[in-house]
Amino acid sequence: IKSVYERIKLFELPCERILSILNDTFYERYYNLAIFFSCIIIDIDLEDMILSYSNAGHPSQYLIKSNNNQEISALSSKGKLIGSIIPYEYKKQEIKLNINDKLVLFSDGLFEEFNEASLIFGEERLLTLIEKNKHLNVNGLSDKIYEVITAFRGKALPHDDKTSLIIRIKGDSI
């Protein structure tokens, strides 16, 4: 996967085109393995303050707006999983950014954590956790998410990787 993406990303292509090429290449090389995966490609244009993204079956990611309500927008346009069908044209979505917006990105393992009673943490609980703690800075929000998910898991063994990245838009940098 990485080697295919590494070659594609060298070209300045829109995110939806990158997903389409990745999908076509992966399908042609590995269709006999019946393996699929989700991903999201995000392009942050700090000059025009636009976030563009295309989603290939990945869970909704979140943008916490810096307005008074700190409303949360889901980056959720769902495309087909990579490797599931060709040809497939992914769609691009765009959102206007503001200084101090926070982008919350994560792998599905972040909410696919089970506790000792075999209950899953789940996407809804993650969104509620983000909503309750959206006022925190990026480090505080990240720490809180991991603290709550770890406490939820208790003594159960980890189920999957837990990867997250929280970005604050500064205007000229992130």
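The values are calculated or read from the model by the stated rules, or taken from the named source; none is laboratory data. What you see is a predicted model; the values in this text were computed from it and never measured. Glycine also receives a Cβ, built like all others from the backbone with ideal geometry; neighbour counts cover every protein chain displayed. Calculation scope for accessible area: heavy atoms of the full protein, side chains included, ligands and nucleic acids excluded. Shrake-Rupley method; radii C 1.70, N 1.55, O 1.52, S 1.80 Å.
Summary table below
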item	result
Residue-wise HN-Hα coupling along segment 103-116, computed from phi with Karplus coefficients 6.51, -1.76, 1.60 (Hz; x: Gly, Pro)	9, 10, 10, 6, 7, 5, x, 5, 9, 8, 9, 9, 9, 5
Flagged links, alpha-carbon separation over 29 Å, of LYS9/LYS78; LYS9/LYS96; LYS78/LYS155; LYS92/LYS144; LYS2/LYS162	LYS78/LYS155; LYS92/LYS144
Loop-located GluC sites (Glu not before Pro) in segment 105-174 whose Cβ has at most 15 other Cβ within 10 Å (DSSP)	GLU116
Length-normalised contact order of the chain in % [C-alpha pairs under 8 Å, at least 6 apart]	22 percent
Rounded to the nearest 10 Å², the accessible area of ASP160 at probe 1.4 Å	60 Å²
Cβ-based net charge around ARG168, under 11 Å, with every Lys or Arg adding one and every Asp or Glu removing one	+1
Note, ³J(HN,Hα) from phi for segment 49-55, Karplus 6.51, -1.76, 1.60, rounded to Hz, x at Gly and Pro	6, 10, 9, 10, 8, 9, 10
Phi-based couplings in Hz for segment 2-19 (Karplus 6.51, -1.76, 1.60; Gly and Pro marked x)	4, 5, 5, 5, 4, 6, 5, 5, 5, 9, 7, 10, x, 4, 5, 6, 4, 4
222 nm mean residue ellipticity, helices alone, for the chain (DSSP H n ≥ 4; -39,500 (n - 2.57); rounded to 500)	-9000 deg cm²/dmol
Only Lys, Arg (+1) and Asp, Glu (-1) charged, at Cβ; segment 1-154 dipole about Cα centre in debye	100 debye
Among SER54, PHE111, THR150 - extreme Cα towards positive end, dipole of the chain, charges at beta-carbon	THR150
Most mobile of ARG29, ARG153, ARG125 in a GNM of the chain (Cα contacts under 10 Å)	ARG29
Environment charge at ILE44 (Cβ cut-off 13 Å; Lys +1, Arg +1, Asp -1, Glu -1)	-3
Option label - Rg and Dmax of the Cα atoms in Å computed here, alternatives (1) 17.2, 51; (2) 17.1, 58; (3) 18.8, 68	(1)
Percent carbon-and-sulfur accessible area, the chain, ignoring ligands, DNA and RNA, probe 1.4 Å	51 percent
Choice from LYS96, LYS144, LYS80 with maximal GNM fluctuation in the chain (Cα, 10 Å cutoff)	LYS96
Probe 1.4 Å, protein heavy atoms only - accessible area per residue of segment 26-142 in square angstrom	53 Å²
Sum of side-chain charges, SER54 neighbourhood, beta-carbon under 12 Å (Lys, Arg +1; Asp, Glu -1)	+1
Under 5 Å, built H, 5+ apart or other chain: amide partners of LEU75	GLN61, TYR62, LEU63
Most mobile listed residue (LEU22, LEU105, LEU13) in the chain, GNM with C-alpha springs under 10 Å	LEU13
